[in-house]
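For reference, the structure discussed in these notes is given below.
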Amino acid sequence: LIGLDLNPEAKLRFEAEDKNLLENGLDIFIPEERLTNREGQTEYFQTSKRRVFNPLTQTYSIVGVSTNISARIEAEKALNESTEIIENSAPMVMRCTFLDDQLRFLHISQNINQFGYSSEDLLEGKINWLEIIDPKHFPRIQMQLNKALQTGANHYSLSYPIRTASGETRWIEDHSRI
């Protein structure tokens with residue numbers, strides 16, 4: 001791996017892998033390995049190696065490809081951290097669409113459970129969000145949503161009560177993008 005100063009342990013491991021590959025012919029695939037560069041920074045690589053026979057010299061060589069996947073690993077870490085923040089905060093995140101005039105959820109954060117519901121039940125349609133909303137407030141919500149759609153607004157904000165799974169009434173703030 002060009003540009004990396006491998007520690008003696010890593011060099012010995014690579015040499016042993018290569019020797020084993022030459023002797024046994026079993027391809028090597030390492031989906032993720034952590035290495036340190038010359039500046040002491042950790043980088044992540046995905047590596048594959050294969051034994052190749054040269055008929056002219058009647059010898060085997062090793063062909064390997066190592067791809068730096070550090071950016072992907074960092075992006076995955078950031079995504080996981082963001083997801084954890086969202087899932088452990090009071091706001092609930094939903095993504096939905098209308099299909100055949102029915103509200104369909106594409107994503108619901110796990111913190112819907114603060115109201116006693118599971119995201120799976122809403123995603124699978126076992127529970128209908130529109131039935132959770134206090135029916136006395138539904139006409140007002142519908143009117144404000146229609147007004148936002150008619151004026152070409154790309155978002156709206158509403159407050160309305162919902163019924164929790166235990167039957168309690170809780171007011172929520174709905175800040176939605178259209």
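Computed over neighbours whose Cβ is under 11 Å from that of F14, the net charge equals -1, Lys and Arg +1, Asp and Glu -1. Among the GluC sites (Glu not before Pro) within region 87-140, which fall in a DSSP loop and have no more than 10 other Cβ atoms within 10 Å of their own Cβ? Qualifying residues, ordered by number: E124.
Please give the helix 138-151 orientation as an angle from the longest Cα principal axis of the chain, in degrees from 0 to 90, rounded to the nearest 10. So the helix axis and the longest Cα principal axis differ by about 60 degrees. Accessible area per residue for region 65-178 is 70 Å², calculated with a 1.4 Å probe on protein heavy atoms, without ligands, DNA or RNA.
Quick one: with all protein chains in place, what share of the accessible area of the chain is carbon or sulfur, to the nearest percent (1.4 Å probe)?
It is 52 percent, rounded to a whole number.
Estimated at the nearest 10 Å², the accessible area of T36 is 70 Å² with a 1.4 Å probe. A straight chain from A165 to R177 at 0.36 nm per residue would run longer than the Cα-Cα distance by 1.7 nm. Working value for region 111-178: equivalent-ellipsoid semi-axes of 23, 14, 11 Å, each the square root of 5 times a Cα gyration tensor eigenvalue, largest first. Here the average projected area of the convex hull drawn through the C-alpha atoms of region 54-178 stands at 14.1 nm². For GluC sites (Glu not before Pro), the sites in region 9-44 that DSSP calls loop and that have at most 16 other Cβ atoms within 10 Å are E39. Loop exposure criterion: trypsin sites (Lys or Arg not before Pro), DSSP state outside H, G, I, E and B, at most 11 other Cβ atoms within 10 Å. Applied to the chain, the longest stretch between such sites is 39-125.
Charging the Cβ of each Asp and Glu at -1 and of each Lys and Arg at +1, and nothing else, the dipole of region 22-121 about its Cα centre rounds to 520 debye.
The L106 and Q150 beta-carbon pair, evaluated with R₀ = 25 Å, returns a calculated FRET efficiency of approximately 0.55. In the chain, taking the dipole from charged Cβ atoms about the Cα centre, the farthest positive-side position among G125, Q46, P8 is held by G125. Three principal axis extents describe the C-alpha atoms of region 20-90; from largest down they are 67, 28, 17 Å.
The values are calculated or read from the model by the stated rules, or taken from the named source; none is laboratory data. Because the structure is predicted, anything quoted here is derived from the model rather than measured. Don't worry about glycine lacking a Cβ; one is built from the backbone with ideal geometry, like all the others, and counts go over all protein chains shown. Only protein heavy atoms, including side chains, enter the accessible area calculation; ligands, DNA and RNA are left aside. Shrake-Rupley method; radii C 1.70, N 1.55, O 1.52, S 1.80 Å.
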